[in-house]
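Read-outs: derived from the displayed coordinates by stated rules, not from any lab. Bear in mind that the values here come from a model prediction, so they are computed numbers and not experimental data. Counting neighbours? That spans all protein chains shown, and the Cβs are built from the backbone with ideal geometry, glycine included.
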Amino acid sequence: MIVGITGGSGTIYGIRMLESLKSLGVETHLIMSKWGEKTLQVETSYSLNDVKLLADYHYFNDNLAAPISSGSYPIDGMVIVPCSMKSLAEIATGVTSDLITRSADVILKERKKLILVARESPLNLIHIRNMEAVTLAGGVICPPVPAFYNKPEAIDDLVDHTVGRILDLFGLHPQWVKRWGKSLKTAEKPV
């Protein structure tokens, strides 16, 4: 699976995604944009090298000759987490200027799963139309919306829940996700 990390706030989602995929035994191919690297420095205590070590393979974002830029390379899917509005716009229009957006374009043309964890608020009409275009092309827009029914006690709980839901979209169902109706008492008592 390809994991793209762009400059939208929420780099921890991408890090946690890499950690989770590693624990599930999924081979990962990491690409970070220049602004993803900058945001990593601002938001976390992780170094760029720490993040690269979480992936099986990593590529420079300007390397359009990387194997994952071709549909002939065997990849099951891609997640861009977080996904900036710039990356979303490039994917929506098919104007791909870097490896992250080129790889996303390849995933769509090969009819494989593409999930964009869009990080922006509030949204303007251009963002919404770009999300519509990607959705119509087969992608999934999955903003990191927190759930509170699972009684989160820390930011890590919110991050883990979102990452778990993204993994669900790939057909990977981590046992640690607190699911509605399973780990919660939602049944009514008989009268």
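Within segment 84-171, the GluC sites (Glu not before Pro) that combine a DSSP coil assignment with at most 12 other C-beta atoms in a 10 angstrom radius are E153. Counted by Cβ distance under 9 Å from M85, the other residues give a net charge of +1, where Lys and Arg count +1 and Asp and Glu count -1. Phi angles of segment 90-95 translate, via the Karplus equation with coefficients 6.51, -1.76, 1.60 and θ = phi - 60°, into HN-Hα couplings of 4, 5, 4, 9, x, 9 Hz per residue; Gly and Pro are given as x. Listed cross-link partners K113/K151; K34/K151; K112/K151; K86/K113 are compared with a 28 Å cut-off, the Cα-Cα value being larger for K113/K151; K34/K151; K112/K151.
Tell me which of Y46, S70, L88 sits at the most positive position along the dipole axis of the chain, charges placed on C-beta atoms (Lys, Arg +1; Asp, Glu -1). Checked the options; the winner is L88. Against the main long axis of the alpha-carbon atoms of the chain, helix 11-23 sits at an angle near 80°. In the chain, helical runs assigned H by DSSP with n ≥ 4 each contribute -39500 (n - 2.57); averaged across all residues and rounded to the nearest 500, the mean residue ellipticity at 222 nm is -12000 deg cm²/dmol. Listed by Cβ neighbour count within 10 Å, with the fewest neighbours leading, C83, C142 appear as C142, C83.
Relative contact order for segment 64-191: 21 percent, from Cα pairs under 8 Å spaced at least 6 residues apart, divided by residue count. Between the helical axis of 125-136 and the longest alpha-carbon principal axis of the chain there is an angle of about 90 degrees. So how tilted is helix 34-43 from the main axis of the chain? Cα-based, degrees 0 to 90, rounded to 10. For 34-43 against the chain, the angle is about 40 degrees. Sorting R16, R165 from the fewest to the most surrounding beta carbons within 10 angstrom yields R165, R16. Ellipsoid semi-axes for segment 2-169, based on the Cα gyration tensor and the rule √(5λ), read 22, 19, 15 Å when sorted largest first. Shown for S45, S84: other C-beta atoms within 10 Å of each C-beta, ranked fewest to most, produce the order S45, S84.
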